[in-house]
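Notes follow the structure.
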Amino acid sequence: VENDFRIETVDDDRGRWLRVHGDLDDAAAPALVKAAGDSPPERGVMVVDLSRCAFLDSGGVRALVAVAEHHVRLSVVVVAPTTSPARLVIDIVGLAEAVPVVERAGDVGDGRPPRAS
Amino acid sequence: VTEGRAPTTAELLDGCAREAIHIPEAVQPFGAVVGVDAGGRVVLWSQTAGLVLGESAGPADLGGLDLARALPGLEGALAAAGPGGRARARAVVGDGEVEVTVLGDVQAGATPVVLVDLEPDPDAPVPVDEVAATQLALLAASSAADLLDHLVVEVRGHLGFDRVMAYRFDPDWNGEVVAEARRDDLDPYLGLRYPASDIPPQARAMYRRTPSRVIPDVDAPTVPLVHLDPAISSPADLSRSIVRAVSPVHLEYLRAMGVRASMSLALVVDGELWGLVACHHVDGPHRPGPSRRRAAEALVQLASARLESLGAIDRFERRTEAGAALARLRGRLEAADDLLAAVVTSPEVLDLLDAVGVTVSIDGHVGSMGTSRPVADALALLGAGEGGPDGVAPGDDVEVHASAALPAPVTWSGPGLVAPPGALAVGLGEARSWIVWWRPELIEEVRWAGDPGTKVVVDDGEGGVRLGPRRSFAAYAERVTGRSRDWDAHDRWVAGRVAAQVQAVLAGRLRSRQAARWAVQRILDDASGVPGGVEVAVRSQPAGDDPAGGDWFDVVPLPNGAVALAVGDVAGHGFGLASTMTHLRHALRAYLVAYGDAAVALEHLGVLVRHLVPGQLATALVCVISADGREVSVASTGHLPPFVVAADEVRVVATGVAPAVGMRRRNEVPTVVEPLGPGDVVVMVTDGLVERRGERLDDALAALRADLDGVRGASAETVADAAAAGRLGTATDDVTVVAFRAVPR
């Protein structure tokens, strides 16, 4: 968990993996939407990994919903371990009702970790 | 000097500063002073007057002499001077010429006595053309250094002294030699400093009255004054007299420096003594006559005027240069969302003041840039307690506190070996709002003309002691540490402009924020009033600089006698949110009145958001307290659950999970019915109350619950205070707390 916001983007044969570092708040939300929407894969997964995310607010939640709704042809999944700071917020706002939320990146698809294509 | 004990050095220095140098009752022998009454009769004279006037009668017998007859030209000069005025004339006496200077009245009483200086002049007046050529050269000088370099050469040319120096006084009245023309075989004095005590305050004041002083021979015996009637003319104020006898301390000082003859001329700039042109002769007595001195005085006066105009040009140029940077800064500040962050990230703020760091406090929020000292050091400089200065109004007459030598802090862990000793502070017109700039240490090697700490105590020859000047003028190098470059008038002006800009932006924001808050508050207050049977307490606060946030609350009486209480939070920030917020709030109250059910109302709200404001996300919590006050029905869409503060416990109502409004097209919202005991208080909050960067939300909720545990059994107002206390101040998002309980109708 870090405080400086940044997004690591990895595209591989299964889709796109976005790992969020730092605070995903209202100010950072546009960067997430942009990272997801910048030449996205045509099929496969769009994984937003919040295990390194230090802080999530309603503006960040809105961005996660926006990503899911925009990329309807992809399987959008949010990774948020039960112990992560983001998870309680995700549970309270009921994000799982709109986007699948899983415990670990390994729970996505075939279980392989992401790897640059 | 006090009887019975030796005087301290401080007492002696004080005595030196109080020596009455204007009434020595004696003159130097190179000229004479006479005093004449209204009838032109001589009533006081120096014993040299007879010699100057060529009177054979002898020095002691001038009483009652008709001076006008003895001195052709005096009558014209007296007439030109008028009562109390001054005038100058030349008179032929015997084979030579005498310069006659009417100095004005020494007495304001019934018997005015006019003092007149008389000095033989061996030279013819200097031709105007000769002075004019030099004047043109001085006017062409483009800098103070260039000007003074020219000036000392020209003054030496006219007066013939071995050494001519220009001194400049610093703010503490220490003098530094900034230009010098000298005989080739003499040691240079350029760059040496002379301590302020070398020219005591009354001597400096004297230069304002007589802009030049001449001592043709430091070893010449002084000549006493003779009064026809001491009752009317004694002691005579000789401050304006060029032949006035010199303080023995000053003569001793000159002798110790190896000077036999001297002259000094005042450089007066903007009405203040800026410096001196000091002339020394070392090999023997030297007296340039009045004509030559007049020419030198004219040059020094012109140089003074030129220094003044160069200063004005310099001020103008520095202000123009600063103006461009100030304009850039203003643009940055006005465009910034976060004013404090903008101030401490704008490079102009440091550049304008040539500072290494800045500390800014706006309403108690502190930020800094570069190498800055702790806030406590800033407050100490501001001379204020915790709160900072009150009522300091920046502008052209801004209150500025500055120091070049702030004491070092006990410990210093910042960059560099020492904390910046220079600090300039300015208030921003409100308590707890100020800016402090920091300047680094500037270690300076000062070359004093002799160790300034070595004045000596000498026998005054009359059974007492006094302070003598130091005996050695060997250059004494002092390493000055713990000081920054001085803050000058321009720095103060710039600081005032920066402060005024920050204050103007602050004031503008405050006005627009107040207007927006007023508008939003009107909307929120537009509830139909709290109905009987329910006590409601609300604490709310928009985020930081936002005029209005996405939070709302509502109290809606339902047709069946129940009362619905709602809080909501639209995701995001900024003024546009207020529009979405009011939209959702009105829709929710309409659904609540129409359906009378919290969960159904929230389900309809979800449909409305997807349909009319797609892309928006909001959490909401609705509690409906039954008409009998015994239970509360709770429905939540993605919102923090409510607390029930009962007499014996604080519990969290498990609301079940329904996602935030706007997340799904169809939202099934569960209802939880919670029984209430008499006096139980229900607390609804928005996430702004508890979410903090770097703190886990569950820890924050546990802390809130613990605070609520401390007010079990209290009123809704007390419970709301317990929830808000200590949290509103640290919130970065909108905060809303609604606490309510049933009360007997």
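Restricting attention to segment B:184-210, report how many residues are of a type in the set (Lys, Arg) and without any contact (Cβ under 8 Å) to a residue 40 or more places away in the chain. Going through segment B:184-210 one residue at a time, the tally reaches 1. Residues in segment B:628-648 that are more than 9 Å from chain A (Cβ to nearest Cβ) and either within 19 Å of residue B:600 (Cα to Cα) or touching a Ser or Thr at 6+ places or on another chain (Cβ under 9 Å) (or both): B:631, B:632, B:633, B:634, B:635, B:642. Just the residues that are within 11 Å of chain B (Cβ to nearest Cβ) and more than 17 Å from residue B:654 (Cα to Cα), please, taken from segment A:83-107. Answer for segment A:83-107, where residues must be within 11 Å of chain B (Cβ to nearest Cβ) and more than 17 Å from residue B:654 (Cα to Cα): A:83, A:84, A:85, A:86, A:87, A:95, A:96, A:97, A:98, A:99. Of the residues in segment B:680-694, at least one is in a loop (DSSP other than H, G, I, E, B), hydrophobic (A, V, I, L, M, F, W, C) and touching a Lys or Arg at 6+ places or on another chain (Cβ under 8 Å).
For segment B:180-202, filtered to residues that are under 22 Å from residue B:486 (Cα atoms) and modelled with pLDDT of 80 or more, the residue that is surrounded by the most Cβ atoms within 10 Å (Cβ to Cβ) is B:194. Kindly check whether there is at least one residue in segment A:55-65 that is surrounded by 24 or more Cβ atoms within 10 Å (Cβ to Cβ), acidic (Asp, Glu) and facing chain B (nearest Cβ under 10 Å). Within segment A:55-65, one or more residues are surrounded by 24 or more Cβ atoms within 10 Å (Cβ to Cβ), acidic (Asp, Glu) and facing chain B (nearest Cβ under 10 Å). Of the residues B:666, B:651, the single one that is among the charged types (D, E, K, R), within 14 Å of chain A (Cβ to nearest Cβ), surrounded by fewer than 18 Cβ atoms within 10 Å (Cβ to Cβ) and at negative phi is B:666. Do we have residue A:77 as more than 14 Å from every other protein chain (Cβ to nearest Cβ), farther than 25 Å from residue B:694 by Cβ and in contact with a Phe, Trp or Tyr (Cβ under 7 Å, 6 or more places away or on another chain) here? Spelling it out, it is not the case that residue A:77 is more than 14 Å from every other protein chain (Cβ to nearest Cβ), farther than 25 Å from residue B:694 by Cβ and in contact with a Phe, Trp or Tyr (Cβ under 7 Å, 6 or more places away or on another chain). Restricted to segment B:533-543, and to residues there that are surrounded by fewer than 23 Cβ atoms within 10 Å (Cβ to Cβ) and either within 14 Å of chain A (Cβ to nearest Cβ) or part of a loop (DSSP other than H, G, I, E, B) (or both), the residue that is modelled with the lowest pLDDT is B:543.
All conditions in (1) in contact (Cβ under 8 Å) with a residue 24 or more places away in the chain; (2) surrounded by 14 or more Cβ atoms within 10 Å (Cβ to Cβ); (3) farther than 17 Å from residue B:625 by Cβ hold for residue B:656, with the sole exception of (1).
The numbered conditions (1) of a type outside the set (Asp, Glu); (2) facing chain A (nearest Cβ under 10 Å); (3) over 18 Å from residue B:540 (Cβ atoms) are all true for residue B:732 except (3). Contact map, segment B:24-52: residues that are under 20 Å from residue B:75 (Cα atoms) paired with residues that are among the polar types (S, T, N, Q) and part of a loop (DSSP other than H, G, I, E, B), Cβ distance under 6 Å, separation 6+ or inter-chain. Pairs shown: B:32/B:48; B:33/B:241. With respect to the conditions (1) part of a loop (DSSP other than H, G, I, E, B); (2) closer than 22 Å to residue B:535 by Cβ; (3) basic (Lys, Arg), residue B:664 lacks only one, and its number is (2). Note on segment B:690-710: among residues that are of a type in the set (A, V, I, L, M) and away from chain A (no Cβ under 13 Å), the one that is surrounded by the fewest Cβ atoms within 10 Å (Cβ to Cβ) is B:706.
Quick one: would you say residue B:612 is in contact (Cβ under 8 Å) with a residue 24 or more places away in the chain and crowded, with 19+ Cβ neighbours inside 10 Å? Against the criterion (in contact (Cβ under 8 Å) with a residue 24 or more places away in the chain and crowded, with 19+ Cβ neighbours inside 10 Å), residue B:612 does not qualify.
Against the conditions (1) at pLDDT below 85; (2) surrounded by 19 or more Cβ atoms within 10 Å (Cβ to Cβ), residue B:205 satisfies every one except (2). Within segment A:30-47, residues that are closer than 11 Å to residue A:7 by Cβ have Cβ atoms under 8 Å from residues that are charged (D, E, K, R) in these pairs: A:36/A:16, counting only partners at least 6 apart in sequence or on another chain. Within segment B:572-594, the set of residues being hydroxyl-bearing (Ser, Thr, Tyr) and exposed (fewer than 15 other Cβ atoms within 10 Å of the Cβ) comprises just one member, B:579. Among the candidates B:658, B:731, the residue that is in contact with a Ser or Thr (Cβ under 8 Å, 6 or more places away or on another chain) and assigned to a loop (DSSP other than H, G, I, E, B) is uniquely B:658. Candidates in segment B:607-637 are the residues that are of a type in the set (S, T, N, Q) and part of a strand (DSSP E or B); of these, the one that is farthest from the chain's Cα centre (by Cα) is B:633. In this structure, residue A:52 does satisfy being more than 14 Å from every other protein chain (Cβ to nearest Cβ), of a type in the set (D, E, K, R) and surrounded by fewer than 19 Cβ atoms within 10 Å (Cβ to Cβ).
Here is a yes/no grid of residues against (1) polar (S, T, N, Q); (2) in contact with a Gly (Cβ under 6 Å, 6 or more places away or on another chain); (3) modelled with pLDDT under 90:
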residue: B:337; (1), (2), (3): no, no, yes
residue: B:342; (1), (2), (3): no, no, no
residue: B:358; (1), (2), (3): no, no, no
residue: B:363; (1), (2), (3): no, no, yes
residue: B:386; (1), (2), (3): no, no, yes
residue: B:390; (1), (2), (3): no, no, yes
residue: B:407; (1), (2), (3): no, no, yes
residue: B:433; (1), (2), (3): yes, no, yes
residue: B:438; (1), (2), (3): no, yes, no
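Has segment B:671-683 got any residue that is within 14 Å of another protein chain (Cβ to nearest Cβ) and either buried (at least 18 other Cβ atoms within 10 Å of the Cβ) or over 21 Å from residue B:742 (Cβ atoms) (or both)? No, there is no match, as no residue in segment B:671-683 is within 14 Å of another protein chain (Cβ to nearest Cβ) and either buried (at least 18 other Cβ atoms within 10 Å of the Cβ) or over 21 Å from residue B:742 (Cβ atoms) (or both).
When B:262, B:247 are screened for being in contact (Cβ under 8 Å) with a residue 24 or more places away in the chain and more than 26 Å from residue B:188 (Cα to Cα), only B:247 passes.
No other residue among B:546, B:554 is modelled with pLDDT under 65 and either in contact with a strand residue (DSSP E or B) (Cβ under 7 Å, 6 or more places away or on another chain) or within 14 Å of chain A (Cβ to nearest Cβ) (or both) apart from B:546.
The values are calculated or read from the model by the stated rules, or taken from the named source; none is laboratory data. Please read these numbers as outputs of a predicted model, since none were measured by experiment. All Cβ positions, glycine included, derive from the backbone under ideal geometry; neighbour counts span all protein chains shown.
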